[in-house]
Amino acid sequence: MVTVSFMPRGSSSQVPVPFWPDRWSIENYYELLVRRQFEGAWFDYRILPALINSIGVAAIATLLGLLLTVPAGYAFAKLRFRGRERLLKLLIAALVVPGQVAMLPLFLMFKQLGLVNSYAGVILPGLAGVFAVLFVRQAVLAIPDEMLDAARIDGAGEGRIFVSIVLPLIAPITVTLALFIFLGSWNDFLWPLIILSDQERYTLPVAVAAIMREHAADGELMMAASVVTTLPVLLIFLPLQRFYIGGLLGGSVKG
């Protein structure tokens with residue numbers, strides 16, 4: 001993918017396809033990213049605005065998702081309230097329902113609320129993910145009840161216990177969950193395609209798909225777009241990789 005993106009136009013159509021460019025070129029990235037004049041009018045593929053849109057949407061979705069799902073997971077694991085077990089079973093049952101089933105009702109509801117073609121409409125459906133709540137719950141179950149009870153005896157409230165004891169203990173889980181939410185929002189294509197109608201608001205997957213419809217035969221340009229889409233994710237994932245692995249291992253078992 002990377003080497004093809006640096007090939008001159010038409011090189012990937014050769015048979016066999018060269019593994020290494022005969023001549024390295026950045027023309028595909030220039031065409032993809034730089035605004036330029038074409039027949040007297042300014043033209044670009046709107047990739048940079050789409051990249052900024054995706055970063056903003058994914059960052060906000062991650063922050064709000066953590067604010068909702070981490071406390072919810074703690075509540076389901078350690079707090080006792082009426083209907084907890086029934087609600088938990090309902091959440092588990094909801095995991096078997098494909099998300100696509102809810103897209104039409106969600107779209108109609110968001111249309112009534114005036115959220116169509118808005119970033120709020122893109123972000124809201126994924127904020128309280130059932131998997132995220134259960135993932136955090138499984139990690140919090142590994143925290144001994146005696147530790148939390150001792151804090152309560154010392155006069156700590158539930159908020160203080162959550163912030164001072166629970167959050168530090170599940171930090172790897174939280175980082176892993178943040179990566180899950182960020183990647184899910186970053187790679188989401190179908191829902192932004194449905195809810196967004198203004199090209200200025202397109203996220204990166206939707207913008208790349210729009211280019212692909214017009215330039216399906218331009219393999220080098222498509223590979224450059226794929227690199228632009230993948231690179232930010234790699235830059236985020238690589239520094240957090242050890243937390244990600246630790247979070248997966250920590251959230252997979254109880255005790």
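The values are calculated or read from the model by the stated rules, or taken from the named source; none is laboratory data. A quick note: this is a predicted structure, and the numbers were derived from the prediction, not measured. Glycine gets a Cβ as well: all are built from the backbone with ideal geometry, and neighbour counts include every protein chain shown.
Scanning segment 167-213 for residues that are among the aliphatic types (A, V, I, L, M) and within 30 Å of residue 142 (Cα to Cα) yields 167, 169, 170, 171, 173, 175, 177, 178, 179, 181, 183. If only one of 124, 134, 106 is hydrophobic (A, V, I, L, M, F, W, C), over 26 Å from residue 211 (Cα atoms) and out of contact with any Leu (no Cβ under 8 Å at 6 or more places or on another chain), which one is it? On inspection, the qualifying residue turns out to be 106. Filtering segment 122-148 to residues that are without any contact (Cβ under 8 Å) to a residue 24 or more places away in the chain and surrounded by 15 or more Cβ atoms within 10 Å (Cβ to Cβ) leaves only 124. Of all residue pairs spaced 6 or more apart or on separate chains, those with beta-carbon atoms under 8 Å, a first member in segment 176-195 that is among the acidic types (Asp, Glu) and a second member that is at pLDDT below 90 and part of a helix (DSSP H, G or I) are 188/126. Among all residues of segment 76-89, there is none that is surrounded by 10 or more Cβ atoms within 10 Å (Cβ to Cβ), within 24 Å of the chain's Cα centre (by Cα) and without any contact (Cβ under 8 Å) to a residue 60 or more places away in the chain.
Quick check on my filter: what residues within segment 38-54 are touching a helix residue (DSSP H, G or I) at 6+ places or on another chain (Cβ under 6 Å) and either β-branched (Val, Ile, Thr) or at pLDDT below 65 (or both)? Listed by number, the list holds a single entry, 47.
Would you point out the residue of segment 194-223, among those that are assigned to a helix (DSSP H, G or I) and within 15 Å of the chain's Cα centre (by Cα), that is nearest to residue 52 (Cα to Cα)? Applying the filter and picking the extreme gives 204. Of the residues contained in segment 55-65, one or more are found to be within 24 Å of residue 162 (Cβ to Cβ), of a type in the set (S, T, N, Q) and at pLDDT 90 or above. Contact annotation: residue pairs with Cβ atoms under 6 Å, 6 or more positions apart or on different chains, pairing a residue in segment 104-121 that is under 15 Å from residue 199 (Cα atoms) with a partner that is part of a loop (DSSP other than H, G, I, E, B) and among the acidic types (Asp, Glu), are 117/198. Of the residues making up segment 137-155, those that are in a helix (DSSP H, G or I) and in contact with a helix residue (DSSP H, G or I) (Cβ under 8 Å, 6 or more places away or on another chain) are 137, 138, 139, 140, 145, 147, 148, 151, 152. Residues in segment 111-133 that are of a type in the set (Ser, Thr, Tyr) and over 15 Å from the mean Cα position of the chain (by Cα): 118 alone. The set of residues in segment 77-98 that are in a helix (DSSP H, G or I) and more than 16 Å from residue 173 (Cα to Cα) comprises 78, 84, 85, 86, 87, 88, 89, 90, 91, 92, 93, 94.
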